[in-house]
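The values are calculated or read from the model by the stated rules, or taken from the named source; none is laboratory data. Keep in mind the model is a prediction, meaning the values are calculated, not measured. Neighbour counts are summed over all protein chains in view; Cβ atoms, including those assigned to glycine, are modelled from backbone coordinates with ideal geometry. Remember, those area values only see protein heavy atoms, side chains included, never the ligands or the DNA or RNA. Shrake-Rupley method; radii C 1.70, N 1.55, O 1.52, S 1.80 Å.
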Amino acid sequence: MAFTFIREQLSQQQQQARYRQRVCTTSSSENENLITIEDKTYVNFSSNDYLGLNNHSSINAAMQEGVERFGLCASASSLVTGHQYAHQSLEETICQWLNKPSCLLFSSGFSANLALFHALGSTQKKSSNNVSFFLDKLSHASMIDGAYQSQARIKRFAHNNTEQLTQFLQQEPSDSNKLIASEGIFSMDGDIAEINKLKELTEKYKAWLYLDDAHSIGVIGEQGQGSNAHARIDITMATFGKALASSGAFLACEEQLKEYLTNFSRHYIYSTAMSPAIAWATQTSIKLVQDEQWRRDKIVELSELFLSLLDDNINVLPSNSSIHAVIIGDEQKALNISKILKEHGLWVTAIRPPTVAKGSSRLRVTICANHSVNNINSLARILNKALT
Ligand SMILES: Cc1ncc(COP(=O)(O)O)c(C=O)c1O
């Protein structure tokens, strides 16, 4: 029989308590972070709707207007006829917001990351052996995949270890094209990149700095600009599918790099442009993100409350964001605690290897602007009980 490895690998996943399954959820509330699964409603501590903007009436209204004006579908790739007024207008909004010269839209953050690494590391002149990527070990799967699908040299430095990165940079030929890549806020740990140090190294070694701001856009900076609020980042990628409560992604960079990607990025060229209606609605998301600082303040306030309520023996990684990783260790134990929380109406998905390192299975708690003090009190109380 063909493909016998499928059955073998699935059964291995099951034996290791790593089997992954989807659940079918419904969420419809603007002011509360609730999901319904099989007729039971839970407070959702596993969503990336950090600012609580999903289902916001203004975004929904903008979406309807977008559908009426532009239709749901772009009906072509961007270089054919898919790049429409709604896309152009969103790109300009992002450039103004982040003070960037140029911007390119993608249908997902995953494809934006693949696009960038693939295009920079696979140059037309086959001089790509002169390109080196330096990635933080905890960089997202799409950055790693994009890097390895290219022909560039790849070095991965230990998480946030700028000493090791410096050693790698010292060993590089001075004339190689170097890209230092990291996440702004790390998706599974919730901590922040050493942005100023990375910036200093890019200047010293004439490298470029690439930050994936999937989890920082909207959440940090006075107008939610993410890492760009801290320093001038050469290339920023961020998805619209988290704090912006929309869908799709952008790369913001210098004009010439945008032109290069437009000409050579296979992921950009050979893909239908993102939905124009979504592009239109995303501008309303950005306006709310810029104007409503209270949402960021609320995340900080509720996060402080959560940490203050947890027992001292609970291992929570230090965080600068909505993301709080409660480290459990063993896969099965993480599943068991997640089940106990569910029985109390709290949804926290257990994150296990290979998404995180072996022995570091965790409950990835996300605290969002539409959680309440009561929600946080319940979560801390049940966790304290379950983990002692
Ligand atoms: C750090 C990071 N980068 C990129 C992505 C991919 O973005 P998207 O969901 O838009 O494909 C994700 C998760 O979704 C992420 O966590």
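A few comments on the model shown:
- Here the 3J(HN,Hα) profile of segment 372-379, calculated from phi with Karplus coefficients 6.51, -1.76 and 1.60 at θ = phi - 60°, is 10, 4, 4, 4, 5, 4, 5, 4 Hz, Gly and Pro shown as x.
- Tail weight of P(r) past 17 Å, computed on alpha-carbon pairs of segment 154-302, percent: 66 percent
- Whole-percent carbon and sulfur share, accessible surface of segment 77-125, 1.4 Å: 51 percent
- A Förster radius of 22 Å, combined with the Cβ-Cβ distance separating ILE37 from SER372, puts the computed FRET efficiency at roughly 0.65.
- Cut-off of 10 Å, at most 11 other beta carbons, DSSP loop: longest stretch of the chain lacking such chymotrypsin sites (Phe, Trp or Tyr not before Pro): 4-269
- Cut-off of 10 Å, at most 13 other beta carbons, DSSP loop: longest stretch of the chain lacking such trypsin sites (Lys or Arg not before Pro): 233-357
- Most mobile listed residue (GLU163, GLU38, GLU172) in the chain, GNM with C-alpha springs under 10 Å: GLU38
- Long-range amide H partners of ASN177 with built H, under 5 Å: VAL131, SER132
- A simple spin-label model places pseudo-atoms 7 Å from Cα toward Cβ; at ALA231 and THR26 they are separated by 4.8 nm.
- Paramagnetic label zone (point 7 Å from Cα along Cα-to-C-beta, HIS344; backbone N under 20 Å) in segment 308-323: 308-317, 323
- Cα-projected label distance for GLU194 with THR272, points at 7 Å along beta-carbon direction, nm: 4.5 nm
- With R₀ fixed at 22 Å, the C-beta to C-beta distance from TYR19 to ARG381 puts the FRET efficiency at about 0.15.
- The THR262 and SER57 beta-carbon pair, evaluated with R₀ = 25 Å, returns a calculated FRET efficiency of approximately 0.10.
- Percent of Cα pairs exceeding the 30 Å cut-off, where the set is the chain: 43 percent
- Zone of ILE314's modelled label, taken as backbone nitrogen in segment 345-363 under 19 Å from a point 7 Å along Cα→Cβ: 345-352, 360-363
- Beta-bridge orientation, the chain: approximately 55 percent antiparallel, per DSSP, counting only bridges with both partners inside.
- Summarising the amide proton neighbourhood of TYR50: residues at separation of 5 or more, or on other chains, whose placed amide H is nearer than 5 Å comprise ALA243.
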